[in-house]
Amino acid sequence: MTDLIPLRHNNQILARDLHFFIDAKRQFANWINERIENYDFIENQDYIIELVYTKGRPRKEYYVTLDMAKELCMVENNEKGRQARRYFIECEKRLKNLEKEQMQKLAFRQSLGYKSQLAQQKLKYENEIKALKYDLEHKNELSFKRRLSNEELLELRKILARDYNILCMKEWEFSLFAEKIGKNEVFEAILKRLENKLYYYKNYDDIEKFYSKHPFFKKQF
């Protein structure tokens, strides 16, 4: 069906276009005011009014909803009115189909976005796994192929403490550590010292940075 009466902004119909198409006999202003009064149409719900300023007096233009337009056509009770009403029903169907199509497109775009997000997460996890494998291989290389430097040993201690809650100590360090604790200290004190040492390597960079700025504080680790 061709566009008998154009749909305006927000899918509304200009009442003056409808008045002309259905060949209403009364003058437009009288016709629309009578229809509004007799059929209880509500402003800003069934229709809106806009003032159009020309060279003379401002002219009122009525923009009506599709439902109001259908009712105006029905009460006109002539062939043109019935034709316009069928046209508006067809317009409603097209608008509903268009809305459904837009919702489907929106859902499709959202699903693409969700799939993209999943792909990004998958890539992130794969990269993390690759990095972990590299770390493990690198640690194995350091452990079994050559002797660790002091810097590498420190880095290994930090990684083991931070990522695995493992305290790495040389044998002589452990002996010295145990000697400092003393034979008469209770188990809780020993455990506390070990926890402090673990905390130290977990937060090595921050702690050393603090002590470098405040050397007058005595280290507790």
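Run down Glu92, Glu37, Glu71 and say which single residue is under 37 Å from the mean Cα position of the chain (by Cα), assigned to a helix (DSSP H, G or I) and not small (Gly, Ala, Ser).
Just one listed residue meets the conditions, Glu92.
Are any residues in the stretch 109-128 modelled with pLDDT of 70 or more and hydrophobic (A, V, I, L, M, F, W, C), and if so, which ones?
Leu118, Ala119, Leu123 - these are the residues of the stretch 109-128 that are modelled with pLDDT of 70 or more and hydrophobic (A, V, I, L, M, F, W, C).
Between residues in the stretch 163-185 that are surrounded by 10 or more Cβ atoms within 10 Å (Cβ to Cβ) and at pLDDT 70 or above and residues that are among the small types (Gly, Ala, Ser) and not in a loop (DSSP other than H, G, I, E, B), which pairs lie under 7 Å by C-beta distance while being six or more apart or on different chains?
Within 7 Å, the pairs are Leu167/Ala161.
Considering every residue within the stretch 47-58, establish whether at least one is touching a helix residue (DSSP H, G or I) at 6+ places or on another chain (Cβ under 8 Å) and part of a strand (DSSP E or B).
Step one: list which residues in the stretch 47-58 are touching a helix residue (DSSP H, G or I) at 6+ places or on another chain (Cβ under 8 Å), which gives 47.
Now narrow it down to the ones that are part of a strand (DSSP E or B): 47.
Within the stretch 47-58 (the criterion being touching a helix residue (DSSP H, G or I) at 6+ places or on another chain (Cβ under 8 Å) and part of a strand (DSSP E or B)), the answer is yes, since at least one residue qualifies.
The values are calculated or read from the model by the stated rules, or taken from the named source; none is laboratory data. This one's a predicted model, so the numbers in the text were calculated from it and none came from an experiment. Quick reminder, even Gly has a Cβ in these numbers, built from the backbone with ideal geometry, and neighbours come from all protein chains shown.
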